[in-house]
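Report on the structure given below.
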Amino acid sequence: MDVVLVIMALIFVAFLAFGGYMTVKAVGAAKRGVDRKVEQARRAVEDTTLRARSFVQPGTAAELAQLRLRLRTSMRATQDALHARVAEDSSLKESLGLFERLSAHGHEVDAELKRLESEPDKGQVARVLPELRTRTEQITRSADALRHAARDRAGRFASDDLDALSSQIDLEAGALRHWTTEPGSGAGSEPGPVWEAPRTDRGQGRGREQDRAAITPPGVRPVYPWEKRPRPESTT
């Protein structure tokens, strides 16, 4: 009895531990989902603000907003393209590693551009801006090259697969349209028996009698109901 109680207690504790673990996992997943949504909303708001500044504010402020918007748009598009295709093409892992290194430079330039937005010394902004513009163009050019190469590679694989599939379908269609005749049948086979109509010449009755004689045993004469019985011979 004590052993049964101990086993039941262990099972209860195991269920509690499993329930706690699943609860922690669910809470963590929900928290990550909320954080992801908040991050996406924050980036959308920031991109909208930068787009508005690039049109409304004149001069250096507009250029800073345009550089940041171009940098963020290019890096985000490249990141999404690589992450979407790395599961199907393992060779993109090296490209993804290069992009991670490029992202470090992108974050650094974006932080410097953001800092210049609140810089009161316009002379300092004018001195630093050309270098940041060059670095931004270099980063975006590299990111675009990675993204376009990944898309071209995926398109090439899709085209090769489609060509191979089309060839297989053509072969299958040809096989479905091709048929062969069995031996002894078809155009080259011998003609089968020809059914002729019954002949109506004079020898027809004679032939029937011979057939009937061959079928009827000797000494037995068939009697038909419409025939008259023969008369007995007279003894007088």
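For the pair residue 114 and residue 141, a Förster radius of 22 Å applied to the C-beta separation gives a FRET efficiency near 0.55, rounded to the nearest 0.05.
Ordered by solvent-accessible area of protein heavy atoms (1.4 Å probe), largest first, the residues 144, 161 come out as 161, 144.
Residue ranges 21-29, 132-140 sort as 132-140, 21-29 when ordered by packing (mean number of other C-beta atoms within 10 Å per residue, highest first).
In the context of the full protein assembly, residue 90 retains an accessible surface of approximately 80 Å², using a probe radius of 1.4 Å and ignoring ligands and nucleic acids.
Using the heavy atoms of the protein chains and a 1.4 angstrom probe, tell me the accessible area per residue for the stretch 91-160 in square angstrom. Please report the intermediate quantities before stating the final value.
Working: 4390 Å² over 70 residues.
Per-residue value: 63 Å².
The values are calculated or read from the model by the stated rules, or taken from the named source; none is laboratory data. Quantities reported herein were computed from a predicted structural model and do not represent experimental measurements. Methodologically, a virtual Cβ is constructed for each residue, glycine included, from the backbone with ideal geometry; neighbour enumeration extends over all protein chains shown. With ligands, DNA and RNA removed, areas are computed over all heavy atoms of the protein, side chains included. Shrake-Rupley method; radii C 1.70, N 1.55, O 1.52, S 1.80 Å.
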